[in-house]
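Note sheet for the following structure.
The values are calculated or read from the model by the stated rules, or taken from the named source; none is laboratory data. The model shown is predicted, which means the values in this text are computed figures rather than measured ones. Cβ placement follows ideal geometry from the backbone for every residue including glycine, while neighbour counts extend to all protein chains displayed. Accessible surface is based on the protein model in full, side chains and every heavy atom, while ligands, DNA and RNA are left aside. Shrake-Rupley method; radii C 1.70, N 1.55, O 1.52, S 1.80 Å.
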Amino acid sequence: MKEAEHAIEVENLTKQYGDLPAVNDISFNVRKGEVFALLGPNGAGKTTTVEIIETIRRPSSGTVCLLGMDVTKKKSDIVPRIGVLPQGFSSFDRITVRETMQYYSRLFHRGSVDIDGLIELVQLKDKAKEQYMRLSGGLKQRLGIAIALVNDPEVVFLDEPTTGLDPRARHEVWEVLLGLKKEGKTIFLTTHYMEEAELLADTVAIISKGKIIAMDSPVQLIEKNGDYLIFTLQGVDEKASAVAEKMGLEPQRTNHRNITVRVKHMDDIRNILNAMEDAGASLISMDVRKPNLEQVFLKLTGEALHEGASGGKGAQ
Ligand SMILES: Nc1ncnc2c1ncn2[C@@H]1O[C@H](COP(=O)(O)OP(=O)(O)OP(=O)(O)O)[C@@H](O)[C@H]1O
Ligand SMILES: [Mg+2]
């Protein structure tokens, strides 16, 4: 068997559900040892893609190889070598953390699994004797990650590992994932949180309506697609919008006292400020930022990553 340089190779993958191309002719590779994030809003095709790679769903067309093996032909060889945290993971309510881990290690015929080591890795040592149903959402997800690691997989798939968690629990899951990244595991992550992709991923593929519309490192994605600055003017009156419009800019109102405009250069900012002064417009403070991945996504697709996304349309 050829030892592939890439952990995952996807070529012209399509999945059709009736008339709907849920995944529409996508191609990408995932290098061994990298964290690859598929970033996209609800219904973009993330789970469909990831579950085809995991051998769970069948592609309509295209080829997918995992560790050099065709996912439609080598299912039994592939499954023991991967770990999976499914979207919306759940486990046995009344079974404790340690019992759950023991059960899953038996499923994989792995008598020698260091269960305590895994429980420690996901920071659940204090909860080893706690029943699943008594864990908070973040702890449940961390148990799910430990289960995904029980067979010491070469590639770990995590489908929206932090969706629905509060910010603190999300950060705790990120800490666990950063630990895995340090160990050099190949991780395939799906998410609609751009901070998650920006923090964890070496490569981000942005997926929208079944198509990959951009793919690169987070820094490069911002560099290539975010060649503008976001200028926020705070504590302004109506005159400020009028001045910006007159200059051919498209001011967006973020709240009743703030507007933002996209500008190309620092010179544009100086010009706006001068024009505002000439017009006698009020201004209390201001802020200039480079766009983040969320704003790049909005610019590329015109849609938000998730409801209530920070920097939504109004904040452009
Ligand atoms: N088994 C199925 N049968 C029919 N349609 C499906 C099936 N699975 C997914 N779809 C549709 O395919 C599209 C992509 O779904 P998918 O679950 O892959 O998206 P997703 O990016 O994972 O979304 P989410 O962020 O909500 O999890 C959606 O329109 C969905 O309704
Ligand atoms: Mg999904």
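Between Met101, Met133, Met194, the Gaussian network model of the chain with springs among Cα atoms under 10 angstrom shows the greatest mean-square fluctuation at Met133. Largest GNM mean-square fluctuation across Gly248, Gly226, Gly210, computed for the chain with C-alpha springs under 10 Å, falls on Gly248. Set against the 2.2 N^0.38 Å expectation for a compact globular protein, segment 6-223 has a Cα radius of gyration ratio of 0.99.
Applying 0.36 nm per residue to the separation of Arg81 and Ile56 and subtracting their alpha-carbon distance, the gain on full extension is 7.6 nm. Here Lys290 is the anchor, and the aspartates and glutamates within straight C-alpha reach of less than 16 Å, apart from those fewer than 8 places off in the same chain, are Glu195, Glu198, Glu223, Asp227, Asp267, Asp268.
Among the DSSP helices (H) of the chain, those spanning at least 15 angstrom by Cα along their long axis with an average Kyte-Doolittle hydropathy of 0.5 or more are 137-148; this is a geometric and hydropathy rule only.
With a threshold of 25 Å on the Cα-Cα distance, the over-threshold entries among Lys140/Lys185; Lys73/Lys181; Lys125/Lys181; Lys32/Lys73; Lys46/Lys74 are Lys73/Lys181. The fraction of all Cα pairs in segment 224-315 landing in successive 10 Å bins from 0 to the largest distance is 17, 50, 27, 6, 0, given as whole percents.
The helix-based estimate of mean residue ellipticity at 222 nm for the chain, built from -39,500 (n - 2.57) per DSSP H run of four or more residues and divided by its residue count, is -9500 deg cm²/dmol to the nearest 500. Charged side chains reduced to their Cβ positions (Lys and Arg at +1, Asp and Glu at -1) give the chain a dipole of some 680 debye around its Cα centre.
Residue ranking by accessible heavy-atom surface, 1.4 Å probe, largest first, among Arg57, Arg94 comes out as Arg94, Arg57.
Determine the gain in length on full extension of the stretch Asp287-Glu5; use 0.36 nm per residue of separation and subtract their C-alpha separation, reporting nm with one decimal.
Numbers: separation 282, 0.36 × 282 = 101.52 nm, distance 4.46 nm.
Residue separation times 0.36 nm, minus the Cα-Cα distance, leaves 97.1 nm.
Under a Gaussian network description of the chain, with springs only between Cα atoms under 10 Å, the residue in Thr301, Thr191, Thr203 that fluctuates furthest is Thr301. Extending 7 Å from the Cα toward the beta-carbon at both Leu178 and Asn42 defines two label points whose distance is 3.0 nm. The length gained by stretching the chain between Asp202 and Tyr17 to full extension, at 0.36 nm per residue less their Cα-Cα distance, is 63.5 nm. In the full protein context, the chain carries 48 Å² of accessible surface per residue, based on a 1.4 Å probe and ignoring ligands, DNA and RNA. If you take the Cα centroid of segment 236-266 and the Cα centroid of segment 57-111, the two points sit 51 Å apart.
Of all DSSP beta bridges confined to the chain, the antiparallel ones make up roughly 65%. Packing here is the average count of other Cβ atoms within 10 Å per residue, and on that basis the peptides 287-297, 136-146, highest first, run 136-146, 287-297. Note on Lys15: aspartates and glutamates with a C-alpha under 19 Å away, same-chain residues under 8 apart excluded, are Asp25, Glu51, Glu54, Asp70, Asp159. On the basis of the beta-carbon distance and an R0 of 45 Å, Glu245 and Lys224 show a calculated FRET efficiency of 0.95. Whenever you get a sec, compute what percent of the accessible area on the chain sits on carbon and sulfur atoms (1.4 Å probe). For the chain, the apolar C and S fraction of the accessible surface comes to 48 percent.
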